[in-house]
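Here is the structure we will look at.
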Amino acid sequence: MKKFNWLLMLCILACFTVKAQDDSMKKLREEAAGKIKNAEKDTTGRLWKTGGTFGLTFNQGSLTNWAAGGDKLSLSMLATVNAHANFNKGKHNWDNNVDLAYGYVNTTSLGTRKSDDRIDITSKYGYEIAKNWYASALFNLRTQFTEGYLYPTDSTREFVSKFFSPAYIILSPGVDFKPNDEFSLFMSPFTGRWVVVMDDTLSAKGAYGVDTGKHVKSEFGAYVSATWNKEILKNVVYKTKLELFSNYKHNPGNIDIFWTNIIALKVNKWLSANISMDMIYDDDVRVFENKETGALGPRLQVKQTIGVGLTATF
């Protein structure tokens, strides 16, 4: 009988011990879950999201005793930087983007020539007035780093551009339609644009539409900017930016077009391939000769590049 009482007490004690352990483990799990939820809330609640990519492409080719002919040596390099800093809190949205590119090509027969040169800075603030619609204000600056030339022949060149010659500055209030983080359509019927040509030589020629001897031309018109950034296939991203501007003060039917397209193929963490095409039509850039009439006038400008190289994401 005594043995039975001892066994009963031991069983009761064991039950209390197991129950206490279960309660302790449950409490620990609840505390851990609370900490995880708090950590997730802190991470996803960031007001600023920053990041970007850096790309460096280098190509080299050489020929020795090559019957088909060609340049003995060719070298090319292209560096690109795309960085962003975006703020989001409640109804407030502020997007900032910097797009930089610079490239050179060197060949035995033609020497050194610039293949790419771009500075493009955009800042856009919006306040949400309806679902996916924002009352916005946009600032954009587009220019280049160094001097640029046209090459009428292989042995001659013509100076046509440099830093802030030209530069295009846009200030625009409008509305922005953003259904998601991939697409944005900004529209404004009242936009101020300034064309800046700081170089005296180019200014004296009235380059890029400025009055002869002047350094700044002001324009007023309608402006539309559409951007789309989408992973269309696995490890394949398509980025495009289309800008349209109509100058109310002069030939409003001649719409200026700036369109940038990039397809980025990610090979691995560090290597990628890029295909880009830029198209520009500016009615004030009348430096292209019509071979049939000999007259100078505007033309659709097209720039296309293909490269494989190093890519770093930060």
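Structure data summary
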read-out	value
Sole exception among (1) surrounded by fewer than 16 Cβ atoms within 10 Å (Cβ to Cβ); (2) over 26 Å from residue 206 (Cα atoms); (3) in contact with a Ser or Thr (Cβ under 6 Å, 6 or more places away or on another chain) for residue 139, by number	(2)
Close pairs from the range 147-158: first closer than 22 Å to residue 119 by Cβ, partner part of a strand (DSSP E or B) and among the acidic types (Asp, Glu), Cβ under 8 Å, at least 6 apart	148/117; 149/158; 150/158
Any hit, the range 204-218, residues being in contact with a helix residue (DSSP H, G or I) (Cβ under 8 Å, 6 or more places away or on another chain) and polar (S, T, N, Q)	yes
Residues within the range 184-207 that are out of contact with any Ser or Thr (no Cβ under 7 Å at 6 or more places or on another chain) and either hydroxyl-bearing (Ser, Thr, Tyr) or loosely packed, with under 14 Cβ neighbours inside 10 Å (or both), tallied	4
Yes/no for residue 284 being in contact with a His (Cβ under 9 Å, 6 or more places away or on another chain) and surrounded by 12 or more Cβ atoms within 10 Å (Cβ to Cβ)	yes
Meets criteria (surrounded by 15 or more Cβ atoms within 10 Å (Cβ to Cβ) and modelled with pLDDT of 85 or more) for residue 263	yes
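The values are calculated or read from the model by the stated rules, or taken from the named source; none is laboratory data. Just so it is clear, the structure is predicted and the values come from calculations on it, not from any experiment. Quick reminder, even Gly has a Cβ in these numbers, built from the backbone with ideal geometry, and neighbours come from all protein chains shown.
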